[in-house]
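The values are calculated or read from the model by the stated rules, or taken from the named source; none is laboratory data. Because the structure is predicted, anything quoted here is derived from the model rather than measured. Ideal geometry is used to build each Cβ from the backbone, glycine not excepted, and the neighbour counts take in all protein chains shown. Heavy atoms of the whole protein, side chains included, go into the accessibility calculation; ligands, DNA and RNA do not. Shrake-Rupley method; radii C 1.70, N 1.55, O 1.52, S 1.80 Å.
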Amino acid sequence: IRRGFSSSAVRNVVIKQVTIIGGGQMGAGIAQVAASTGHSVTLVDTSDDILKKSIKTIEGSLKRVVKKKFADKPEAGEEFIQKVLKNVSTSTDVGSAVQGSDLVLEAIVENLKIKQDLFSRLDKLAPAHTIFASNTSSLPISDISSATNRLDRFGGLHFFNPVPMMKLVEDTPGFIVNRLFVPYLYEAIRLYERGHGSKEDIDIAMKLGVGYPMGPFELSDYIGLDTIKFIMDGWREMDPDNTLFAPSELMDKLVAEGKLGKKTGEGFYKYK
Ligand code: 3HC
């Protein structure tokens, strides 16, 4: 984390207490990784039901991690799971959750105004030393941080889904992965819309031809079509003439119908 911040204000900060705002796929995954590496984590969302689901996600993922990591020592594996879970608490009260926090990491909806409103509130609630970071996948950090008075303690920490498995965190300016990756997903959808291949064929082609673990339609469903559309819509607003950012009728239709991918049971494909 220190490497990503150039300001002397944060150069020697030791991160012990982490608050994560947003208990969705990304927030839960980040909470898991932070707790697994010994941090004390508070996961915040708007309802206890959402947070219960987040903890279930973390438990499920930890079981998968342990199955591999402690294959010959199931008892040590169980101990590890309990130790990690003990490091995670949940809260629906953002004000109390940020007290004592060294790092507040936001992983909520990809919407500039909503992120700015959140950080503006947090700026008044959090201690002066607290570092703020956003897991935004497409928005300029300077636009988000402009809502606060802690520009020297504000950064981007962009994780990848599934967080416990993906080794990259982007903390440099710009979004290298998504700038290449999201237009690629849209181009795959456009290929399909033009009738150049079935979803299945395009997925198989990318898996067998380039060795990707998932094809573009499988991966879109896995990430969430709403997330991908939010990213593209935001970029199109900033650069309307860029043909790489052109919309897709099919994507717009699926999102409007609430078919957001695996998490809703249907996206490009159907899930049980
Ligand atoms: N937690 C813990 N372990 C997990 C896991 C999770 N959520 N998901 C998968 N695993 C583990 C499994 O337990 C399994 O372990 P094993 O090798 O011991 O059996 C291993 O990963 C492989 O899983 P599976 O056999 O179930 O399936 P795959 O081999 O297909 O792997 C995958 C699953 C890791 C998700 C792989 O398909 C993959 O890497 N897919 C591409 C993901 C990707 O591209 N992510 C980036 C998206 S872009 C993004 O997030 C940015 C955002 O801003 C939009």
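For the stretch 164-186, how many residues are within 17 Å of residue 220 (Cβ to Cβ) and open to solvent by 80 Å² or more (accessible area, probe 1.4 Å)?
Counting residues in the stretch 164-186 that are within 17 Å of residue 220 (Cβ to Cβ) and open to solvent by 80 Å² or more (accessible area, probe 1.4 Å) gives 3.
With within 15 Å of the ligand (Cβ to nearest atom), over 26 Å from residue 145 (Cα atoms) and either of a type in the set (Phe, Trp, Tyr) or modelled with pLDDT of 95 or more (or both) as the only criterion, which of 211, 224, 195 stands out?
Values: 224 fails: over 26 Å from residue 145 (Cα atoms); 195 fails: within 15 Å of the ligand (Cβ to nearest atom).
Answer to the check: 211.
Scan the stretch 161-192 residue by residue and report those that are more than 10 Å from the ligand (Cβ to nearest atom) and of a type in the set (A, V, I, L, M, F, W, C).
Of everything in the stretch 161-192, those that are more than 10 Å from the ligand (Cβ to nearest atom) and of a type in the set (A, V, I, L, M, F, W, C) turn out to be 169, 176, 180, 188, 189, 191.
Working only within the stretch 115-154, note down all residues that are within 16 Å of the ligand (Cβ to nearest atom) and assigned to a strand (DSSP E or B).
If the condition is that a residue be within 16 Å of the ligand (Cβ to nearest atom) and assigned to a strand (DSSP E or B), then 133, 134 are the ones that fit.
Only one of these is at positive phi, at pLDDT 95 or above and surrounded by 12 or more Cβ atoms within 10 Å (Cβ to Cβ): 22, 29. Name it.
22
For (1) within 30 Å of residue 64 (Cβ to Cβ); (2) surrounded by 17 or more Cβ atoms within 10 Å (Cβ to Cβ), each residue gets a yes or a no:
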| residue | (1), (2) |
| --- | --- |
| 204 | yes, no |
| 213 | yes, no |
| 224 | yes, yes |
| 240 | no, no |
| 243 | no, no |
| 254 | yes, yes |
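Which pairs turn up if I take residues in the stretch 47-58 that are in contact (Cβ under 8 Å) with a residue 12 or more places away in the chain and look for partners that are β-branched (Val, Ile, Thr) and part of a helix (DSSP H, G or I) with beta carbon separation below 8 Å, at least 6 apart in sequence or on another chain?
Note: pairs meeting the criteria are 58/84.
Does the stretch 87-94 include one or more residues that are open to solvent by less than 30 Å² (accessible area, probe 1.4 Å) and away from the ligand (no atom under 16 Å from the Cβ)? Full working, then the answer.
Of the stretch 87-94, the ones open to solvent by less than 30 Å² (accessible area, probe 1.4 Å) are 88, 91, 94.
Pick out the ones that are also away from the ligand (no atom under 16 Å from the Cβ) and you get 91, 94.
Scanning the stretch 87-94 turns up at least one residue that is open to solvent by less than 30 Å² (accessible area, probe 1.4 Å) and away from the ligand (no atom under 16 Å from the Cβ).
Test of understanding: among 197, 234, which residue is in contact with a helix residue (DSSP H, G or I) (Cβ under 8 Å, 6 or more places away or on another chain), surrounded by 14 or more Cβ atoms within 10 Å (Cβ to Cβ) and in a loop (DSSP other than H, G, I, E, B)?
197
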